[in-house]
Each structure stands twice: as C-alpha cells, then as structure tokens.
1. Calculate, in whole percent, how much of the Cα-Cα pair population of segment 110-167 lies beyond 13 Å.
2. Any idea of the accessible area per residue across segment 33-107, 1.4 Å probe, to the nearest Å²?
3. Sum up the charges of everything whose Cβ sits under 14 Å from the Cβ of E81, counting Lys and Arg as +1 and Asp and Glu as -1, but leave E81 out.
4. Can you work out the FRET efficiency for the pair R70 and R4, with r the C-beta to C-beta distance and R0 = 22 Å, to the nearest 0.05?
5. If R₀ is 35 angstrom, what is the calculated FRET efficiency for the pair V108 and E28, using the beta carbon separation as r and rounding to 0.05?
6. Please report the Cα spread of segment 26-90 along all three principal axes, rounded to whole Å, starting with the longest.
Amino acid sequence: MVSRAVIKLINDAAKVQRMQIALLADEERGDVERFQQYGYTSAPHPEAEAIALSVGGSRSHMVVIAVEDRRYRLTGLEAGEVALYTDEGDKVVLKRGREIHVTAGTRVVIDAPDTRMTGNLHVQGNTTCDGDVSDAAGSMQEMRDTYNGHRHPETGSTTAVPNQRME
C-alpha cells in the first residue's frame, strides 16, 4: 500500500500536479496525482524520490504524498527552524531567535501596492528610488522646490534664489 518511488516526469499545468513515477523493478505508473500541503507548492526535478500510496490497496490508483530530493535539501538547520529552498541556493530560513534570513542569488521582488516596515532599516550598498521619497514633514520634491525658490531678506533688499539648484 505504501511504496517508495522515483519521479520520472512532472506535469504542473493542471489544478492537481500529475507525475510519472517508477516503483518496483520495471514498474511505472503515469498520471499519478501529487497531493501537496495547502499554501505550498513545488515542481520537483526528475529523479527526486517520493512516497506513493495505493488508494484502497489498488496499484492502479496511486497518489504521491511526499517528495524528497537529497541532492538539493538544505542541511544544517537547528531544531525548530524551517526553510524554503531551491536547487539554485535561494532560500528563506525562519531561524531561532525569531529571525528570518532571505538569500537570493539575483533579486528579491516585493510586488504590493503598499509595503510597511516597523523598526529600523539598515541598508548596505546603494539605494535607488523610482518614485517620490517622503517623511512626516513632506516629500523630497517639496524640499527641493522650497530650497530652489527661497530668498532671504537682506539690508534694504532681498537675495536672489540660489544659483546652485537642488535637482
């Protein structure tokens, strides 16, 4: 009823992932459903290992309930730590001490209409902003406009606007 299997092919296009798996000597099953945990999905590589169940004891109706790939599994976690990882080395590790470590080889993208952070933000490296920068007193553009248009009263006259503009 319970078998070890090796994944041969995967079809991730349908609502339920389908696999072709190799079981005992020369036994293969195609169109096997893979059940995954709600909120988490993955597309394992061929040759990953799996646990397959024979529903109702029937070898003609099998489902995969777990997949492991020892070639890429993240190791060295402390008891209680949790991680998401890829074969390319990208990972999110929920570490002891209530820290979350994110490692990405190229980029981390956050796609949200509003992103908020509490606490301090420390950045090593350059910071680029394609929009407006603001704080409680106003925007960076408002500060530039104020600086570029400001004048000072002098004895009997008013100074001209600054000759070096803030861009």
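1. 77 percent
2. Numbers: 5490 Å² over 75 residues.
Averaged over the residues of segment 33-107, the accessible area is 73 Å².
3. Details: positive: R73, K91, K95, R96, R98; negative: E78, E99.
Combined, the nearby Lys, Arg, Asp and Glu give +3.
4. The computed FRET efficiency comes out at 0.95.
5. Details: r = 40 Å, r/R0 = 1.13.
The computed FRET efficiency comes out at 0.30.
6. 39, 24, 19
The values are calculated or read from the model by the stated rules, or taken from the named source; none is laboratory data. Given the structure is predicted, the values throughout are model-derived calculations rather than measurements. All Cβ positions, even for glycine, are placed from backbone atoms using ideal geometry, and neighbour counts span all protein chains on display. For the accessible areas, the whole protein counts, side chains as well, though only heavy atoms, and no ligand, DNA or RNA atoms are used. Shrake-Rupley method; radii C 1.70, N 1.55, O 1.52, S 1.80 Å.
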